[in-house]
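A.B. asks: Just passing along the structure, written as structure tokens.
The values are calculated or read from the model by the stated rules, or taken from the named source; none is laboratory data. As the structure is a computational prediction, the values presented were derived from the model and not from experiment. No Cβ is skipped: glycine too gets one built from the backbone with ideal geometry, and neighbour counts run over all protein chains shown.
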Amino acid sequence: MGNKIAVLPGDGIGPEVVDEALKVLHKVEDKFGFKLEIEKGLIGGAAIEKTGHPLPEETRKLALASDAILLGSIGGPKWDNLAPELSPEIGGLLALRKLLNLYINLRPAVVYEELKDSSPLSAKVLSGKVDLLTVRELAHGIYFGQPKSLTDEEAFDTMIYKREEVEQIAHVAFQAARKRKGKVTSVDKANVLSSSKLWRKVVIDVHQQYKDVELEHMYVDNAAMQLMLNPLQFDVILTTNLFGDILSDESAAICGSLGMLPSASLGAEINLFEPAGGSAPDIAGMGKANPIAQILSLAMMLETSFEQNDAAAAIRKSVDKIIADGYRTGDIAMSGEDVISTSEMGDVICKFI
Ligand code: IPM
Ligand code: MN
């Protein structure tokens, strides 16, 4: 196991929340006696500005020479109208996911007891503890399917899944469920889409090896509704690239803010950790962003890629504590509550580690 990480702050609030995560990293390094080698690189709009490409060759090389990647966020209005292969999203982040074959995206969503009032859902719906994990297929499906075409008169994408692509992500979901509450909800649109009909068939086949895990199937429209009506029914949500993108934002909103949701993108070897939320250009550079999703993504990196389980646990414990103690960035504050800045939030999380 190496100790080198690539840090790609990206755009919008990315750089400021990444700075807080690095503060926290240095704190746990001191406390737990390890040291990661950090090299920063460019991605997204920031890379376009300096090099003309959202994933420059140096960043590709850096990523491939690293043991893990900590990414902020990419994109912003300035780069919204570029050709797809030169956009921060497709030419930058999706190209990086493809380069590293990151086919697994884990997005845990937990509603903190003390933040229940920040959730749009009522206390009646949140009568227990929401704790669900979205297992999103990340390297295939409609995001990458060929052919794709875009003219002013016609445009199309291809939603395609091959059996082995579904198999490999289904195994991940069943294994995750075994360590949790033992239930997988596979989300598809098998009443309409062929790719979903195969998805469902393959998930049922893989389930034969996990008879101890409960499996249910849900259409995506119903799943979006069920998340609102009764999020407590879910343990692991297994779904496609596109549906997982949508449902994981919804699950983040249930938790009170997109700024709380970390994510891990895993593949063959080099894994990537990033908040599930976006670059929030409207509040970039103002010290308003919530760095918790970035800091919890760091915790996921420390345990997944570097076996620093104690450091990860200490970070999570500190986040629990500061939430319980009432420290709030604007996104999770109720009206009348004191609001602290991005860097104050980083400081206070460091203080309780
Ligand atoms: C996410 C983001 C990305 C995605 C965008 C920025 C390409 O929304 O990680 O959820 O759609 O996967
Ligand atoms: Mn998304």
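A.B. asks: Restricting to the range 256-271, and then to whatever is within 15 Å of ligand 2 (Cβ to nearest atom) and hydrophobic (A, V, I, L, M, F, W, C), can you tell me which residue is farthest from I5 (Cα to Cα)?
C.D. replies: Checked the range 256-271; the qualifying residue farthest from I5 (Cα to Cα) is L258.
A.B. asks: Give the range 237-279 a look and list any residue that's of a type in the set (A, V, I, L, M, F, W, C), away from ligand 1 (no atom under 12 Å from the Cβ) and either touching a Ser or Thr at 6+ places or on another chain (Cβ under 7 Å) or at pLDDT 95 or above (or both), or say none.
C.D. replies: I237, L238, I254, C255, L266, I270
A.B. asks: Further question on the same structure: (1) within 15 Å of ligand 2 (Cβ to nearest atom); (2) within 24 Å of H171 (Cβ to Cβ); (3) not assigned by TED's automatic domain parsing to the domain that holds F34: which one isn't true of E274, the others all being true?
C.D. replies: Only one criterion is unmet by E274, namely (3).
A.B. asks: Sort through M228, M218 and tell me the only one that's more than 16 Å from ligand 2 (Cβ to nearest atom), more than 20 Å from G128 (Cα to Cα) and either hydrophobic (A, V, I, L, M, F, W, C) or not assigned by TED's automatic domain parsing to the domain that holds F174 (or both).
C.D. replies: Residue meeting the stated conditions: M218.
A.B. asks: Restricting to the range 156-203, and then to whatever is charged (D, E, K, R) and part of a helix (DSSP H, G or I), can you tell me which residue is nearest to G141 (Cα to Cα)?
C.D. replies: Looking at residues that are charged (D, E, K, R) and part of a helix (DSSP H, G or I), I get E165.
A.B. asks: Still on this structure, please answer the following. Kindly indicate the residue of the range 8-26 that is of a type in the set (D, E, K, R) and buried (at least 21 other Cβ atoms within 10 Å of the Cβ) and also farthest from S73 (Cα to Cα) among those meeting that condition.
C.D. replies: Checked the range 8-26; the qualifying residue farthest from S73 (Cα to Cα) is E20.
A.B. asks: Among the candidates N241, N309, which residue alone is in the same structural domain as V187 (by TED's automatic domain parsing) and either more than 20 Å from A139 (Cβ to Cβ) or crowded, with 21+ Cβ neighbours inside 10 Å (or both)?
C.D. replies: So the residue among N241, N309 that is in the same structural domain as V187 (by TED's automatic domain parsing) and either more than 20 Å from A139 (Cβ to Cβ) or crowded, with 21+ Cβ neighbours inside 10 Å (or both) is N241.
A.B. asks: Out of all the residues in the range 28-54, which are in a helix (DSSP H, G or I), among the basic types (K, R) and farther than 18 Å from L296 by Cα?
C.D. replies: K50
A.B. asks: T59 fails exactly one of the following numbered conditions: (1) surrounded by 21 or more Cβ atoms within 10 Å (Cβ to Cβ); (2) over 21 Å from D11 (Cβ atoms); (3) more than 16 Å from ligand 2 (Cβ to nearest atom); (4) of a type in the set (V, I, T). What is the number of that condition?
C.D. replies: T59 satisfies all of (1) surrounded by 21 or more Cβ atoms within 10 Å (Cβ to Cβ); (2) over 21 Å from D11 (Cβ atoms); (3) more than 16 Å from ligand 2 (Cβ to nearest atom); (4) of a type in the set (V, I, T) except (2).
A.B. asks: I'd like to know if the range 218-234 contains one or more residues that are within 13 Å of ligand 1 (Cβ to nearest atom), buried (at least 20 other Cβ atoms within 10 Å of the Cβ) and either in contact (Cβ under 8 Å) with a residue 40 or more places away in the chain or charged (D, E, K, R) (or both).
C.D. replies: There is no residue in the range 218-234 that is within 13 Å of ligand 1 (Cβ to nearest atom), buried (at least 20 other Cβ atoms within 10 Å of the Cβ) and either in contact (Cβ under 8 Å) with a residue 40 or more places away in the chain or charged (D, E, K, R) (or both).
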